[in-house]
1. Using the Karplus curve 6.51 cos²θ - 1.76 cosθ + 1.60 with θ = phi - 60°, what ³J(HN,Hα) values do you get for each residue of the stretch 31-43, in whole Hz, with x for Gly and Pro?
2. Please report Arg177, Arg89 as a ranked list, fewest other C-beta atoms within 10 angstrom at the top and most at the bottom.
3. List Thr87, Thr28 from most exposed to least, where exposure is judged by having the fewest other Cβ atoms within 10 Å.
4. Amide H of Ser92 versus every other amide H placed in the peptide plane: which residues, excluding those fewer than 5 positions away on the same chain, fall under 5 Å?
5. Between Ala26 and Ser204, what length in nm is gained on full extension when 0.36 nm per residue of separation is reduced by their alpha carbon distance?
6. Per-residue HN-Hα couplings for the stretch 177-186, Karplus 6.51 cos²θ - 1.76 cosθ + 1.60 at θ = phi - 60°, whole Hz, x for Gly and Pro?
7. Amide H of Ser133: which non-local residues (sequence gap of 5 or more, or other chain) have their own amide H closer than 5 Å, using H built in the peptide plane?
8. In the stretch 30-136, which trypsin sites (Lys or Arg not before Pro) fall in coil by DSSP and have 15 or fewer other Cβ atoms within 10 Å?
Amino acid sequence: MSDRVDAARRPTSAPLVPEIPGLAWADTRAAAVDLAQHGWPVLPGTYQLAEHGAWLGRRGAAGLEPVAPLWQLGTTTNPDVAMEWWTRRPYSVLLACGAGVDGIEVPAAHGQRALAQLSPARRGPVAVAPFGSWLFFVRSDDEPLRPELAANGHAQLHASGARLPIPPTARDGLPYRWQVSPSTAGWALPASAEVQRVLVASLSRRTGGARPSLA
């Protein structure tokens, strides 16, 4: 993935949007810069000015999605580039999976049980989505999702070709948040197989229901 995005794919330059509270914008920009600085490939996503408002940043956007049509070419791990992009507009922060960082999504109840079984030394970053699921971030290592997690845990592996919202991104006024922040985890990412082993051990019939989509 390249930090060099041509003019046709770059987020459109625009004056500051006064409707976005300055603190919220600053938080989003700081998150994007911090993630890029630690090697997480980030890209700008569409955003809302009000709860249940129109999605802005890309013409015809129907939800939270990348601003650039060829979004896989529009990521960065350069903090200076991230600062430039997120100074233009209060874009949402999206992670491009498969380039060092993947995510394993499970229902919230399952995620709570699994996190309790992970020793603090082996906990990587964990995010909570506002619609009933948790995300365990792991190293990109081509480890497939274990079939019992897919069949019985309503789990999904987000790897190459996927993108995920990163806190403090919000949808319809509801923010994504960190249960275990990257800084708390020392920016260390556990192996996918290790996290999946704990997720399998913490499976329960109480983990039911359809899996909500994050993107």
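The numbers here are math on the coordinates, done by the rules we state, and not lab data. Source: prediction; values computed, not measured. No Cβ is skipped: glycine too gets one built from the backbone with ideal geometry, and neighbour counts run over all protein chains shown.
1. Computed from phi, the couplings for the stretch 31-43 are 5, 4, 5, 5, 4, 4, 4, 9, x, 8, x, 10, 8 Hz.
2. Sorted ascending by nearby Cβ count, the order is Arg177, Arg89.
3. Thr87, Thr28
4. Placed amide hydrogens put Gly45, Thr46, Tyr47 under 5 Å from Ser92.
5. 60.1 nm
6. Running phi through 6.51 cos²θ - 1.76 cosθ + 1.60 with θ = phi - 60° gives 9, 8, 8, 10, 6, x, 5, 4, 7, x Hz.
7. Amide H neighbours of Ser133: Ala108.
8. Listed in order of number, the matching sites are Arg59.
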